[in-house]
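Notes follow once the structure below has been shown.
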Amino acid sequence: MRYLNPPNPSPQTDYFQNSTPDYAAMITVLATRLTVLQAQVETVQNRVDSLEFHQMRPFNQTFTPETTQTQYSPIVQAAFKSMKWLFLFLAGFALACILSVGLRTPNSITSTLLDQLQFWLLPLAVLVFAIVVIAAVLESLK
């Protein structure tokens, strides 16, 4: 029955003194928290600005010492192109052999493809190797 009969306030004790909050302390805590929150917002904004700056730049710009592209000499370009065509030649023959076996063509067609590969592969590989060696020698003499 404690809640039904609240005590009568006496003139010596202030009944409402314990129930009133300390507004000055609460305002101080809120001001401190707002200051910390403002610092955190500024930190996040700086990080977002940094990420947006890095996103606008090309990926490899920070890693290349200069922005101009290196121009290779004509002999090096010829070596690259000859290697590219040799590999395309090999890939085409591999594809033709796989298709001929997959489609179950007669053995004469498959054997003709392999004969052509043996006939063309050695001279082309020697030619490409010679171009690469000539390019390496000429570039090392410069």
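What follows draws every value from the coordinates through simple rules; no lab data is involved. Predicted model, so just to flag it, every value in this text is computed and none were measured. Note that each Cβ is placed from the backbone with ideal geometry, even for glycine, and that neighbours are counted across all protein chains shown.
Could you check the spin-label model distance between V36 and L114? Points 7 Å from the Cα along Cα→Cβ, value in nm.
Result: 7.9 nm between the two label points.
Could you state the per residue volume, in Å³, of the convex hull enclosing the Cα atoms of the stretch 74-142?
It comes to 57 Å³ per residue, whole-number rounded.
Say R0 is 30 Å: what FRET efficiency, to the nearest 0.05, do Q69 and I134 get from their beta-carbon distance?
Once rounded, the FRET efficiency stands at 0.80.
Relative contact order of the stretch 74-141: what whole-number percent is it, with Cα pairs under 8 angstrom and at least 6 residues apart?
57 percent
Taking θ = phi - 60°, what integer Hz values does the Karplus form 6.51 cos²θ - 1.76 cosθ + 1.60 yield along the stretch 38-51, in sequence order, with x for Gly and Pro?
Taking θ as phi minus 60°, the curve returns 5, 5, 5, 5, 5, 5, 5, 5, 5, 5, 5, 4, 5, 5 Hz for the stretch 38-51.
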